[in-house]
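The values are calculated or read from the model by the stated rules, or taken from the named source; none is laboratory data. Because the structure is predicted, anything quoted here is derived from the model rather than measured. We place every Cβ from the backbone using ideal geometry, glycine too, and count neighbours over all the protein chains shown. These area figures cover heavy atoms from the full protein model, side chains too; ligands, DNA and RNA do not enter into them. Shrake-Rupley method; radii C 1.70, N 1.55, O 1.52, S 1.80 Å.
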Amino acid sequence: MKALGTSRSIELLGSLQTVIASPLPEIAGHFSELLRPLLGHSALVIFTEDCTGRPQKKAGDKAIMDEVTLPELDAVRRALAADASDPWGRRAVIGGSDRPITAWTASTGALLVLTDPELTAAGAADPESTLAMIGRLWQLVATSIRQQVAAAAPAYLQDSRAASAERAKLIADLTDAHSTTLESLLAVLRAPSVSAEAARQTAIELAASAMVSLRAVSDRDRSLAEEPVAQAFARLRDDLRPLVRFGDLDVQFIEPPANGRALPGEVAHAGRAIVRGAVLALVEQSGVSRVRVQWDCDGSNLLIQIRDDGAGALTADSPGVSPLTARVAALGGSFDVQATAGWGSELTVALPLDAPLAPLSPAAEWGLSPREQGVLALVASGARNKAIAAELVISENTVKFHVANLLRKVGASTRSELAALAR
């Protein structure tokens, strides 16, 4: 910051404080304003897997913000991993167009991309120092994002869960639509009546490649939105390690089954935040020397149990405990505190892995059979045909038959409209 001068450095620190103190949805805009006096840009894009519901945070040119995709940002991150020596002079496809960019990856794994960068007069005075300083500022902002997600306010959890559900339904609809189209194309091209062998073979290869790409997008989104339960628990142990290492507390960890169902990102973040808050509340009591933390997953809920060896005086209204109930309620979970004098306190939490379904419209209104009601409920949840078939133990062709009947009976023209009407 020496090249900027004292007054400009103070102003920069003030702007950084504004960025770090901003709610997650506003961070990109404030960070863009902070950087513009040093490095002009048409758009600023943040990609962080800490925010499962809304992993992209964007500011600037709307045409870029509306079109940028996760595969494009993944490609930039891979390029940085291969060579992160110089953020300047790079090009990448962002928002569907090849354009100059500068990019940095923070230690948290979060990515920052600035499109069409141009050093200002202030930044051009010492370009190398300017770019290095932006990299350090990004490291601070990325760390702040992770800390905000870890705090997981109830409003954020509700928004994140809604965004995750919305994205999952959209991808499910896109996958079904494109898969059906491509499968039909392959069937036609493979028909014996088609004589243009070379054209048919080429078309088959192109269609098969398109199907692979489509599935890759779906798989990438799933990896972003979910976290294996064992991995989530390992991150919890890392979070609590300083408390164990530098305190007198004995924390015993009872790990979940390694093959348990993957946790939605917002549930994994909330689970860790709840355990951290609960452990701190327990150790604030006198006489607590041991805490036992156990996670389990019954396929539908993340089950959390935390027990201490204190005096057994903890209640739901105790300091540090009452704020946790709001986090649990935001995800539609249950929270209970049991204390036995002289034996210690126990907190039990159940967080549902799936967002609750809104009530369906009365089946009688549309004249639906029990089987059609079951299919409709799963369609409304965002499930794909394959998942519906597995759940109801029927074939995918039977699912397609029921969905076609539902569209006709309900008066919907698309699967998305059907799900919306059902909800």
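List of remarks:
- The condition of being of a type in the set (Val, Ile, Thr), in a helix (DSSP H, G or I) and either surrounded by 14 or more Cβ atoms within 10 Å (Cβ to Cβ) or at pLDDT below 90 (or both) holds for only one of Val113, Val45, Val76, that being Val76.
- Of all the criteria given as (1) at pLDDT 85 or above; (2) out of contact with any Phe, Trp or Tyr (no Cβ under 9 Å at 6 or more places or on another chain); (3) assigned to a helix (DSSP H, G or I), the one not satisfied by Pro71 is (1).
- Any pair with Cβ under 7 angstrom, 6 or more apart, that starts in segment 81-107 at a residue that is in contact (Cβ under 8 Å) with a residue 24 or more places away in the chain and under 20 Å from Ala142 (Cβ atoms) and ends at one that is open to solvent by less than 60 Å² (accessible area, probe 1.4 Å) and hydroxyl-bearing (Ser, Thr, Tyr): Pro87/Thr102; Trp88/Thr102; Ile94/Thr115; Ile101/Thr115
- Pick from segment 265-313, criterion of a type in the set (A, V, I, L, M, F, W, C) and either assigned to a loop (DSSP other than H, G, I, E, B) or on the phi > 0 side of the Ramachandran plot (or both), ranking: least open to solvent (accessible area, probe 1.4 Å): Val288
For (1) crowded, with 16+ Cβ neighbours inside 10 Å; (2) at pLDDT below 80; (3) in contact with a Leu (Cβ under 9 Å, 6 or more places away or on another chain), each residue gets a yes or a no:
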{"site": "Glu372", "(1), (2), (3)": "yes, no, yes"}
{"site": "Ala387", "(1), (2), (3)": "no, no, yes"}
{"site": "Leu406", "(1), (2), (3)": "yes, no, yes"}
{"site": "Lys409", "(1), (2), (3)": "yes, no, yes"}
{"site": "Glu417", "(1), (2), (3)": "no, yes, yes"}
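- Candidate set: segment 314-352, residues that are touching a helix residue (DSSP H, G or I) at 6+ places or on another chain (Cβ under 8 Å) and in a loop (DSSP other than H, G, I, E, B); chosen: the one farthest from Gln252 (Cα to Cα): Leu331
- Boolean, Ala81 is more than 16 Å from Ala43 (Cβ to Cβ), open to solvent by 70 Å² or more (accessible area, probe 1.4 Å), assigned to a helix (DSSP H, G or I) and of a type in the set (Gly, Ala, Ser): yes
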